[in-house]
Each structure stands twice: as structure tokens, then as C-alpha cells.
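Here is the structure we will look at.
The values are calculated or read from the model by the stated rules, or taken from the named source; none is laboratory data. If you're wondering where the values come from, they're calculated on a predicted model, not measured in any experiment. Here the Cβ is made from the backbone with ideal geometry for all residues, glycine too, and neighbour counts use every protein chain on show. Surface accessibility is based on the protein's heavy atoms, side chains included, excluding ligands, DNA and RNA. Shrake-Rupley method; radii C 1.70, N 1.55, O 1.52, S 1.80 Å.
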Amino acid sequence: MTMFESRPLSRRAVLAAVGAVGLSGALAGCSNAGRGGVTGANDAASKSKVRPAYVRYQGVEPDMAGAEYNIPDAFNRYPAQPVQAIADPPGDGRPIQVMTFTNTPIPPKLSGNQFWQEFNKQVGSPVQVNLTPSVDYDQKFATAVAGDKLGELFMIGGVPQKPQMLEAKAVDLTSHLSGDKIKKYPFLANLPETSWNSAIFDGKIYGVPIPRGAIQSQALYARKDILEGAGLPVEVKSAEEFIALCKALTDKRKNRFALAAVPTQYVRNMFAIPNGWSEEGGKLVSNLEDPAQEDALQILQKLWKAGYIHPDAFTGQNQDLKTRFGNGTSPLVFDTFSGWPTYLQTMDKEAEIAIIAPPAHDGSGVGRTWLGPPTISVTAISKKAEDRVETLLAYLNFLATPFGTKEYLFRKYGIDGVDYKTTDGSPVLTDKGFSEVQLGLQYQADGPWTIFLPERPGSAEACFNAMKEICPQALQNPVAGMYSETDNRKGGQIGGDINDVTNDIIQGRKPVSAWAPAVKKWKRDGGDKIAEELYGALKVSR
């Protein structure tokens with residue numbers, strides 16, 4: 001399983017996408033696998049020829065600078081006089097059709113959504129957003145590709161024959177964005193250089209990346225108030241202590257389960273299992289082959305058997321995790337640092353968040369978190385909208401306006417007095433605002449992430465310090481952003497098979513000894529070929 005996209009395809013979505021590629025005449029006609037043509041090459045050499053220039057926005061000084069630690073800047077308050085970054089609305093009066101996903105509840109319809117109505121005015125075009133819950137998005141995307149019903153702007157993921165799909169369906173943006181040309185869109189030029197890796201194929205720019213990086217690293221959130229109220233430590237120094245904490249937090253009579261979901265990656269972090277891949281002996285080795293995988297599975301199986309994990313952990317959706325954590329029925333949850341604002345918004349005012357760093361499993365030191373990927377996804381422009389590329393790029397530039405601007409304040413918090421109220425000089429979403437602003441804007445385009453958590457005093461500093469502690473030592477994926485055609489064709493399916501075995505082992509339906517033959521099958525069914533292709537890309541990039 002490659003990790004160049006932060007949101008891996010589910011097994012059913014990949015199977016559907018394979019069918020979509022076969023059904024779409026455009027895709028079938030441009031597939032050149034094995035016979036030249038579109039290769040999907042996105043090595044450093046081909047990317048450097050077209051990579052957009054990087055021009056950092058320097059309009060506001062952070063309270064806590066993160067560059068030294070490779071983490072986002074942090075801010076305690078919003079600037080009292082935010083600047084207006086864009087003089088004229090980017091729209092052309094015609095509707096803008098967008099297809100993307102969301103990790104929050106679907107917002108009220110346009111007719112009952114004051115924020116959406118004002119957003120359309122500020123954009124200068126009515127924005128029609130086709131939102132799908134993230135867990136269902138890949139299925140929806142595959143169906144849209146097959147039916148040729150993609151929006152004018154569509155967020156893409158790791159689909160089979162990705163370069164061929166982009167060539168067939170998306171506008172080549174190279175002439176608009178390469179080199180200094182991107183300076184026409186200054187807030188797209190502010191996106192980190194590495195985030196463009198997933199948008200460049202065969203020397204062409206096929207979309208605008210949605211950057212994340214370290215903020216997408218995952219950590220164990222803890223309800224500090226609940227743990228301290230029970231006299232429990234807000235840290236663990238070994239796998240044994242972690243299991244003991246989970247036991248102490250679980251009370252089935254009160255419908256409380258320590259963990260909102262299965263902490264698979266957290267336990268793997270205890271064993272310093274590599275992030276996706278590692279380079280060993282002149283080849284690329286999948287982390288699935290790490291001997292410690294079976295040790296991690298034994299711990300996960302023990303947690304499940306003991307009833308320390310919520311019984312709906314394998315069937316719920318992303319929002320369920322936040323609900324369980326927010327109402328205290330599961331005081332521990334493993335999620336990205338970027339989820340911190342939503343957790344604050346779904347908790348009581350008295351609730352507090354702490355981060356429990358992964359320990360070395362044997363108590364010998366610290367574990368190793370996996371560094372989040374540079375890009376969460378890419379937004380492409382449909383060839384059907386080629387006549388208004390500049391308008392759509394201007395719209396994405398509007399969505400990428402950075403922290404400290406009036407546009408960012410509006411985009412994230414809505415209308416003053418309606419969607420948010422000002423507390424201690426900073427905007428805090430109201431319940432109405434939390435509902436209205438969830439248009440999936442951050443999954444269309446976004447600026448570099450900043451740590452700004454006005455919902456709770458001290459939260460920005462707490463998040464910054466947690467990231468400062470964990471992320472500098474986090475393990476990187478050495479082939480993040482690199483492309484393997486075999487992975488895009490078969491990675492999701494064989495990864496789905498491995499996930500099925502993983503889940504069967506954790507839930508006790510299969511013994512831990514089932515892991516080794518499952519990995520051998522994964523290697524045989526395409527894993528070794530994926531490793532070969534990614535290693536080739538890695539060597540070329542040097």
C-alpha cells in the first residue's frame with residue numbers, strides 16, 4: 001500500500017473505479033500502459049521543468065513559528081485588522097459546479113443557509129457544491145467518471161490509470177501555472193512546493209493541490225478532563241501502560257469504551273514500523289513485511305477481545321468518532337492533528353484535549369509517529385469548463401487566501417454575528433455557523449494550514465507543543481508523491497485484501513499467524529511490482 005494519498009481507496013471503491021475506467025470510452029481510448037504514451041512519470045526531473053514558483057505569503061507574523069520544526073505556524077488571536085487580499089470577486093456570474101467530499105454533516109441547503117448565500121455574493125458566481133461523505137466519495141467519484149458527470153471542479157484521489165484519467169478528463173494547467181506564471185494567482189503560489197508533486201504527471205500540471213503535511217499526522221487524542229477526573233495519567237510509557245489505561249477507562253455498565261476506533265497505526269507507531277515503505281538493501285520494502293506487524297496485531301487483538309474498543313468501530317463513520325469523543329463515551333481517539341478544531345466544536349466547554357505521544361512498546365523510549373503526506377488530494381478542472389479556466393483558477397485562488405486576511409476569516413467562520421461571535425478578539429463559531437459553513441471548501445482548495453483554535457484559550461499552544469514534540473522525529477514516507485501504475489490499478493484491491501485480514505485478526509476471526517501468508521499473497525498479487533515501480537521513481541528523483 002502506498003501512502004502518497006492520505007485517503008486510501010476502499011476495496012469496493014477501487015473495484016468500482018476499475019469498472020469505470022473500462023466503461024469510459026475516453027479513458028479506454030487513452031490508456032497506454034505498456035506501449036508508451038502517458039506514463040504517469042512525476043519524478044523530480046519532470047516536475048522541476050514545470051513546477052510553479054513558490055512565493056511565501058508574509059502578511060502576518062505568527063505567535064509561534066513552526067518552520068524550525070516542520071510544522072504549521074500557530075496563532076493565539078486573529079489580527080484585529082485583517083487585510084482584504086482580493087479586490088474583485090473571482091466569479092464570472094455563471095454557476096460553478098464543484099464535486100468534493102466532507103468529513104462533517106451536510107450543511108443546510110442554499111435557501112436556508114445565510115453563509116452560502118453571502119459566499120456566492122463574494123465569489124461573484126453561484127457555487128453549486130456536490131458533497132459526499134468522505135467514506136463514500138471514491139464510489140461516487142468512480143460512478144461520475146463512468147457516467148461522464150464530473151463537476152467543473154472535481155477533487156480526485158488515487159484511482160487506477162490516474163494519468164490517463166487526468167489526460168482525458170482534466171485541463172492541462174501548465175500554461176497557466178508553471179514557473180512564474182502562477183504569480184497571477186498569488187495564493188496558489190503560496191502553496192508549498194512539495195504539495196505540487198501529486199498534481200504533476202508527464203511534465204504537465206493537472207490540478208491544484210490541497211496541502212496538508214505535518215498537520216495530517218495522526219495522534220492519540222485524550223479527554224484530559226476525564227482522565228484527570230479518574231486520577232489517570234495523561235501519558236503512557238509502554239504498550240503495557242497503554243493497555244492498562246484503556247482498561248481503567250472502560251466501563252461497559254456506563255456504555256463507555258476507552259477507544260472510539262481501532263488504534264492500528266498508534267500501536268504500529270509503538271514498534272517504529274516504517275511509514276509505508278523503507279529502503280533496504282537496494283530495494284523498497286513495504287511496512288507490511290516488518291516483523292513487528294504481528295506483535296502489533298497481538299496487542300490490537302487483545303484490546304478488542306477485552307472490550308476496550310467501541311463495538312461499532314468497524315462500521316461507523318468519521319463523524320461518529322468525534323461524537324463518541326465529544327460526549328465522553330470514548331475518551332481516546334486516534335485522528336489527525338487537523339481534526340482538532342472539529343473536536344473542540346463538538347465538546348462541552350468544560351472538556352479538555354491532550355495528546356498522548358506513542359511510547360516505545362517495551363518502555364525503552366518514544367515511538368515513531370508517521371509524518372502526514374504533503375497533499376491530501378488535488379482539485380482538477382474539467383475539460384468541459386476549459387473556456388473558463390481563468391475564472392476557476394481565480395476561484396481556487398480565493399479559497400487559498402491565507403490566515404490573516406478578510407477572505408480567510410469569512411471562509412472559515414462565516415458572517416459576524418450570525419455564524420460566529422467575537423470572543424477575546426477572535427472568531428468562535430456558533431452552532432448555526434458550525435452547521436452553515438461546512439461546504440467542503442477546504443476540500444476544494446486551501447492555503448497552508450495554520451494552528452488557530454479560538455474555541456478554547458490555550459488550545460493553539462497545546463496543539464503546537466504536541467506537534468513540536470512529535471513531528472520533528474516522525475517517520476517520512478520516502479516515496480510520498482511518487483507514482484506507480486500498478487498501485488493505482490491494483491493497490492486498492494490488494495490493500496483491501498490485507499485490510500480484511502487485519503480486521504479479521506483484530507476481531508479474533510483469524511489467528512495472528514494468518515498475517516504472514518496474507519503478506520506473501522499481497523506481494524505476489526502486485527505488491528512486489530508496486531515496490532519495483534516506486535523504487536524506480538525514487539532513484540530517478542535523486
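Derived scalar couplings between HN and Hα for the stretch 470-485 equal 8, 6, x, 9, 5, 7, 8, 8, x, 10, 4, x, 8, 10, 10, 5 Hz in order, rounded to whole Hz, by the Karplus curve 6.51 cos²θ - 1.76 cosθ + 1.60 (θ = phi - 60°), x for Gly and Pro.
What percentage of the solvent-accessible surface of the stretch 267-405, computed with a 1.4 Å probe over protein heavy atoms, is contributed by carbon and sulfur atoms? Heavy-atom surface of the stretch 267-405 belonging to carbon and sulfur, 1.4 Å probe: 45 percent. Rounded to the nearest 5, the antiparallel percentage of DSSP beta bridges internal to the chain is 65%. The amide H of T369, built 1.01 Å from its N in the peptide plane, has L475 as neighbours under 5 Å, considering only residues 5 or more places off or on other chains.
Rolling a 1.4 Å probe over the protein heavy atoms gives the chain an accessible area of 40 Å² per residue. Surface composition of the stretch 117-264: carbon and sulfur atoms hold 47% of the protein heavy-atom accessible area at a 1.4 Å probe.
Approximating the spin labels as points 7 Å out from Cα along Cα→Cβ, the K49-to-N327 distance works out to 5.7 nm.
Other residues within the sphere of radius under 10 Å centred on the Cβ of M64, judged by their own Cβ, net out at -2 (K and R +1, D and E -1). Between the labelled values [x] 3, 14, 23, 25, 17, 10, 5, 2, 0, 0; [y] 3, 15, 20, 18, 12, 8, 7, 6, 5, 3, 2, 1, 0; [z] 4, 18, 29, 28, 17, 4, 0, the entry that holds P(r) over Cα pairs in 10 Å bins from 0, in percent as derived from this structure is [z]. Each Lys or Arg adds one and each Asp or Glu takes one away; over the other residues whose Cβ falls under 10 Å from the Cβ of D525, this sums to +4. Dipole of the chain computed with +1 at Lys/Arg Cβ and -1 at Asp/Glu Cβ about the Cα centre; of C463, Y206, A357, farthest Cα towards the positive end is Y206. When peptides 444-455, 464-475 are ranked by their average number of other Cβ atoms within 10 Å per residue, the highest-first order is 444-455, 464-475. Measuring between their Cα centroids, the stretch 63-98 and the stretch 366-399 lie 15 Å from each other. Cα to Cα, under 19 Å, and not fewer than 8 places away if on the same chain: which aspartates and glutamates meet these conditions relative to K384? Partners found: D92, D148, E152, E167, D172. Using Cα centres only, tell me the gap between the stretch 438-459 and the stretch 246-313 in whole Å. Between the Cα centres of the stretch 438-459 and the stretch 246-313 lies a distance of 28 Å.
Which one of Q301, P311, S278 has its Cα pushed farthest toward the positive end of the charge dipole of the stretch 259-340, where Lys and Arg give +1 and Asp and Glu give -1 at the Cβ? Of the options given, the answer is P311.
The amide H of R256, built 1.01 Å from its N in the peptide plane, has D251 as neighbours under 5 Å, considering only residues 5 or more places off or on other chains. What number, rounded to the nearest 500 deg cm²/dmol, is the helix-based mean residue ellipticity at 222 nm of the chain, given -39500 (n - 2.57) per DSSP H run of at least four residues and division by all its residues? Value at 222 nm, helices only, nearest 500: -10000 deg cm²/dmol.
Where both partners of a DSSP beta bridge lie in the stretch 56-155, what percent of those bridges are antiparallel, to the nearest 5? If we restrict to bridges inside the stretch 56-155, about 10 percent are antiparallel. On the stretch 503-542, 54 percent of the accessible area sits on carbon and sulfur atoms, based on a 1.4 Å probe. Near the amide H of M99, within less than 5 Å, lie the amide hydrogens of N130, G151, L153, F154, M155, all on another chain or at least 5 residues away, with H placed in the peptide plane. Taking a ≥ b ≥ c as the square roots of the Cα gyration tensor eigenvalues, with a/c under 1.5 meaning rounded and otherwise prolate when a/b beats b/c, else oblate, which class fits the stretch 82-181? It is oblate, given that a/c is not under 1.5 and a/b is not larger than b/c.
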